[in-house]
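Structure record follows, encoded as structure tokens.
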Amino acid sequence: MATSCGSCCKIAPSILNADLSNLASECQRFIDCGADYLHLDVMDGHFVPNLTFGHPVVNCLRPHIPGVFLEMHMMVSEPEKWVEDMSGAGADMYSFHYEATSDPAHCIRMVRESGMKVGLAVSPDTPVDVVLPFVDTVDLILVMTVRPGFGGQKFMVDCMSKVKFLREKFHNMDIEVDGGVGPTTIHECAEAGANVIISGSALVNSDNPRQTINYMRNIVNEAIQKGSLER
Ligand code: DX5
Ligand code: ZN
């Protein structure tokens, strides 16, 4: 993935609701359909009321999809605990929640030192300005558009004010949206200024994921072009 670039659209499927018994082939299928990278949701049953998988799965997956950029969305308490293991397993980006740690700056430093890129995520109930002190030290801000924990939830349009707030301040920052994003909600995300799009069930359930990815990419690119003309 390119370094921070609010003028580049990136589409990354979340494989949370895919057929996890065929994880490697599901990942490859999305890459073959034009995905820029993959978003892997790690849940610990503590920070969120659900469980998924951890670094041993990433370790097994990595050799099947060499060169594919893997973002770990760490929905876990004490995200500091897994930085080294995830890096060792071959993860490329570690996106952790502001709410999950008592010292985000320390966690950011740990992730940087491990060699991974850093994402800082905020849940819907968290005001967006908490990320401001950290913006210069992260690669991406992840604005959750559902409550973290489950795929297939309804997109929370209220969260778009956070994306707008960030985009007005930071024209070139990577701003990611995650949760309930698909062809019916992409317009709101694009207009608000999101350039990194996570989409789970909309892509997993699509009859033609390539077309769905292209469609979302076109909407985001149009909004990026419009935004840069207006500035
Ligand atoms: C929610 C996860 C999301 C989500 C995406 O906790 O972080 O990545 O599963 O899936 P959809 O697009 O189905 O909401
Ligand atoms: Zn996610």
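The values are calculated or read from the model by the stated rules, or taken from the named source; none is laboratory data. Everything numeric here is computed off the predicted structure, so don't read it as measured data. Every residue, glycine as well, gets a Cβ built from its backbone with ideal geometry; the counts of neighbours run over all protein chains shown. The area values use the complete protein model at the heavy-atom level, side chains included, leaving out ligands, DNA and RNA. Shrake-Rupley method; radii C 1.70, N 1.55, O 1.52, S 1.80 Å.
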Item checked: Inter-residue pairs, beta-carbon under 7 Å, first within 13 Å of ligand 1 (Cβ to nearest atom) and modelled with pLDDT of 95 or more and in the range 197-213, second open to solvent by 40 Å² or more (accessible area, probe 1.4 Å) and in a loop (DSSP other than H, G, I, E, B), 6+ apart -> Gly200/Asn17; Ser201/Asn17; Ser201/Gly152; Ala202/Pro183; Val204/Asn17; Thr212/Pro183
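Check Val57, Val76, Val130, Val135 and return the single one that is open to solvent by 20 Å² or more (accessible area, probe 1.4 Å), at pLDDT 95 or above and within 25 Å of Asp158 (Cα to Cα). Write out each step before concluding.
Details: Val57 fails: within 25 Å of Asp158 (Cα to Cα); Val76 fails: open to solvent by 20 Å² or more (accessible area, probe 1.4 Å); Val135 fails: open to solvent by 20 Å² or more (accessible area, probe 1.4 Å).
Residue meeting the stated conditions: Val130.
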Checklist line | Members of the range 11-35 found to be away from ligand 1 (no atom under 14 Å from the Cβ), charged (D, E, K, R) and surrounded by 14 or more Cβ atoms within 10 Å (Cβ to Cβ), listed by number | finding: Arg29
Next item on the list: Kindly indicate whether any position in the range 8-19 is under 28 Å from Arg217 (Cβ atoms), touching a strand residue (DSSP E or B) at 6+ places or on another chain (Cβ under 8 Å), in a loop (DSSP other than H, G, I, E, B) and hydroxyl-bearing (Ser, Thr, Tyr).
Entry: no
Next item on the list: Just give me the residues in the range 158-179 being touching a helix residue (DSSP H, G or I) at 6+ places or on another chain (Cβ under 8 Å) and within 14 Å of ligand 1 (Cβ to nearest atom), in sequence order.
Entry: Val177
Margin query: Taking the conditions exactly as written (basic (Lys, Arg), within 16 Å of ligand 2 (Cβ to nearest atom) and open to solvent by 10 Å² or more (accessible area, probe 1.4 Å)), does Arg147 satisfy them or not?
Written below: yes
Notebook entry, point to check: So which strands (runs of 3 or more DSSP E) are wholly in the range 32-137 and hold at least 2 residues that are in contact with a helix residue (DSSP H, G or I) (Cβ under 8 Å, 6 or more places away or on another chain) and away from ligand 2 (no atom under 16 Å from the Cβ)?
Noted result: none
Check: Any idea which of (1) part of a helix (DSSP H, G or I); (2) within 25 Å of Val138 (Cα to Cα); (3) within 15 Å of ligand 2 (Cβ to nearest atom) is the one Glu191 doesn't satisfy?
Finding: (3)
